[in-house]
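What follows is a single structure, written as structure tokens, with notes after it.
The values are calculated or read from the model by the stated rules, or taken from the named source; none is laboratory data. None of the values given here were measured: they were computed from a predicted structure. We place every Cβ from the backbone using ideal geometry, glycine too, and count neighbours over all the protein chains shown.
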Amino acid sequence: MVQVSILAGSASDAAVVEKAAAVLNEHGVSYDTRVISAHREPDILDEFIRTSDCRVFIAIAGLSAALPGVVASKTTRPVIGVPVSGKLLGFDALLSIVQMPKGVPVACVGVDNGENAALLAIRILGAG
């Protein structure tokens, strides 16, 4: 069983994934990483969420940044969204993540801040 699952919407998000993974490694927290697009691979994403035994999801995405919200809509486990900088310096992704509708909570850290996502996941794990 992994404690944290790091999902990226695109392979181009790898640098942010690496930041989160480095912090989890430093703290001895088990994790896995996957690249699954909420837009291009919805069935694969559904299956992964359904079968994952992780306790916290970190969802990293840019542009429309649908990944964190889609993950949160399909699980009751905590989801931490990380907006990725892009054409609008990540502002588009940031707004997509923080504007979730009621009933679909997603925590959001700063743009490209995989480190804080990992630290928040560690705090969530400690609270349980």
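I'd like to check something: does the range 7-15 contain any residue that is assigned to a loop (DSSP other than H, G, I, E, B), at pLDDT 95 or above and touching a strand residue (DSSP E or B) at 6+ places or on another chain (Cβ under 7 Å)?
yes
Hey, any hits in the range 108-118 for a residue that's among the polar types (S, T, N, Q), over 19 Å from Asp13 (Cα atoms), out of contact with any Gly (no Cβ under 8 Å at 6 or more places or on another chain) and outside any helix (DSSP H, G or I)?
There is no residue in the range 108-118 that is among the polar types (S, T, N, Q), over 19 Å from Asp13 (Cα atoms), out of contact with any Gly (no Cβ under 8 Å at 6 or more places or on another chain) and outside any helix (DSSP H, G or I).
Would you call Asn25 of a type in the set (S, T, N, Q), under 18 Å from Met1 (Cα atoms), modelled with pLDDT of 95 or more and in a helix (DSSP H, G or I)?
yes
For His39, which of the numbered conditions (1) over 15 Å from Val70 (Cβ atoms); (2) in contact with a Gly (Cβ under 9 Å, 6 or more places away or on another chain) fails to hold?
Looking at each condition in turn, His39 falls short on (1).
Restricting the search to the range 72-97, which residues are in contact with a helix residue (DSSP H, G or I) (Cβ under 8 Å, 6 or more places away or on another chain) and over 19 Å from Asp112 (Cβ atoms)?
Lys74, Thr75, Pro78
Return the total of residues in the range 12-43 being closer than 22 Å to Gly110 by Cβ, surrounded by fewer than 18 Cβ atoms within 10 Å (Cβ to Cβ) and of a type in the set (Gly, Ala, Ser).
The qualifying residues number 4.
Pairs under 6 Å by beta carbon, first residue surrounded by fewer than 22 Cβ atoms within 10 Å (Cβ to Cβ) in the range 74-103, partner part of a loop (DSSP other than H, G, I, E, B) and not hydrophobic (A, V, I, L, M, F, W, C), six or more apart or different chains?
Sorted first by the residue in the range 74-103, then by its partner, the pairs are Ser85/Asp112.
Look at Thr33 and say whether it is over 19 Å from Ile97 (Cα atoms) and touching a strand residue (DSSP E or B) at 6+ places or on another chain (Cβ under 7 Å).
yes
Within 15 Å of Val71 (Cβ to Cβ), crowded, with 23+ Cβ neighbours inside 10 Å, touching a Gly at 6+ places or on another chain (Cβ under 9 Å) and not aromatic (Phe, Trp, Tyr): does that describe Ala8?
So Ala8 does not fit the description; no.
For the range 70-107, enumerate the residues that are over 15 Å from the mean Cα position of the chain (by Cα), charged (D, E, K, R) and not in a helix (DSSP H, G or I).
Residues satisfying the conditions are Lys87, Lys102.
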